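**Student:** Got a structure for you, questions after.
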Amino acid sequence: MDILQARRPEVAAGGVARDDTTTAFYLRINALLRPEDTVLDLGAGRGGQLEGDPTYRKSLAKIRGKVAQLHGCDVDDAVLENPFLDQAAVFDATGPLPYGDGMFDLVYSDWVIEHLENPRRFVTELERVLKPGGWFCARTPNKWGYIALGARLVPQRFEGRVLGAVQPGRQQRDVFPKHYRMNTRGDLARAFTADRWLDASFAMNATPAYHGGHGILFTAIELFQKFTPSAMNSVLLVFMQKR
């Protein structure tokens with residue numbers, strides 16, 4: 001029995017732990033989707049998050065077919081190989097998104113906004129491509145949670161090697177520089193101002209990850225999450241509606 005099954009026996013009923021953030025994130029996205037929507041996966045990459053996941057989570061995270069059109073874009077041309085999109089595009093992170101004004105009903109970014117260097121420009125572009133009433137949804141590490149704290153302690157040149165040890169199966173090509181400039185509730189409030197956005201975001205502690213299958217490390221992460229304040233919850237689930 002692996003460590004997750006031992007510590008989260010409920011995974012036997014559907015393959016999902018009670019504190020699984022993939023389920024929490026995509027359940028809410030699915031609740032917002034309508035069949036006629038045009039949706040953008042911003043930072044879609046090669047679709048690696050959907051590869052090799054046989055559980056119910058994959059059915060939630062797979063958006064193509066649930067909406068009229070699913071576009072995806074990324075700064076990495078690996079997005080052109082993403083099989084889970086209707087249309088893919090590569091863009092320059094220093095320029096505008098390659099889409100028209102008011103094109104999308106919903107934009108989502110999964111483990112992406114921690115990589116942003118210019119949050120102001122990002123939010124301006126989001127507001128431009130979203131329709132009035134449209135949603136931006138993101139999952140990202142809390143800057144003060146154990147995931148981001150640990151990542152900031154590891155020199156960037158060693159990050160791929162360390163991740164390979166604590167998260168077996170993680171590929172070097174999926175590791176990108178992180179800036180954490182939009183990764184606290186305060187950062188989000190400043191970027192998505194209340195006069196222009198409805199904030200329905202929340203934070204939660206995730207099932208321990210980055211433990212490499214070691215029970216002692218899994219327990220250490222659980223204890224850290226249990227005894228630190230809510231401001232240090234490990235994951236932010238961002239839900240912002242354009243007014």
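**Student:** For segment 197-218, name all the residues that are at pLDDT 95 or above and hydroxyl-bearing (Ser, Thr, Tyr).
**Tutor:** The answer is Ser201, Thr207.
**Student:** While we're on this one: Which pairs have Cβ atoms under 9 Å, sit 6 or more apart or on different chains, and link a residue in segment 75-102 that is polar (S, T, N, Q) to one that is in a loop (DSSP other than H, G, I, E, B)?
**Tutor:** Matching pairs, first to second residue: Asn82/Ala44; Asn82/Gly45; Asn82/Arg46; Asn82/Gly47; Thr94/Glu117; Thr94/Asn118.
**Student:** For segment 213-224, give me each residue that is closer than 20 Å to Asp2 by Cβ, of a type outside the set (D, E, K, R) and surrounded by 14 or more Cβ atoms within 10 Å (Cβ to Cβ).
**Tutor:** If the condition is that a residue be closer than 20 Å to Asp2 by Cβ, of a type outside the set (D, E, K, R) and surrounded by 14 or more Cβ atoms within 10 Å (Cβ to Cβ), then Leu217, Phe218, Thr219, Ala220, Ile221 are the ones that fit.
**Student:** While we're here: For segment 187-231, which residues satisfy the criterion of being of a type in the set (A, V, I, L, M, F, W, C), more than 22 Å from Gly133 (Cβ to Cβ) and over 17 Å from the mean Cα position of the chain (by Cα)?
**Tutor:** Scanning segment 187-231 gives Ile216, Leu217, Phe218, Ala220, Ile221, Leu223, Phe224, Phe227, Ala231.
**Student:** Being of a type in the set (Val, Ile, Thr) and outside any helix (DSSP H, G or I) is the filter here, so list the residues in segment 177-217 that pass it. Walk me through it before giving the result.
**Tutor:** The first filter runs over segment 177-217 and keeps only residues of a type in the set (Val, Ile, Thr), leaving 184, 193, 207, 216.
The answer is Thr184, Thr193, Thr207.
**Student:** Search segment 85-121 for residues being within 19 Å of Ala191 (Cβ to Cβ) and among the acidic types (Asp, Glu), and hand back the single one that is nearest to the chain's Cα centre (by Cα).
**Tutor:** Asp110
**Student:** Quick check on my filter: what residues within segment 19-78 are over 13 Å from the mean Cα position of the chain (by Cα), closer than 19 Å to Phe136 by Cα, surrounded by 15 or more Cβ atoms within 10 Å (Cβ to Cβ) and among the small types (Gly, Ala, Ser)?
**Tutor:** Gly72
The values are calculated or read from the model by the stated rules, or taken from the named source; none is laboratory data. Note that the structure is predicted; figures quoted are calculated from it, not measured. In this analysis, Cβ positions are derived from the backbone assuming ideal geometry, glycine residues included, and neighbour counts consider all displayed protein chains.
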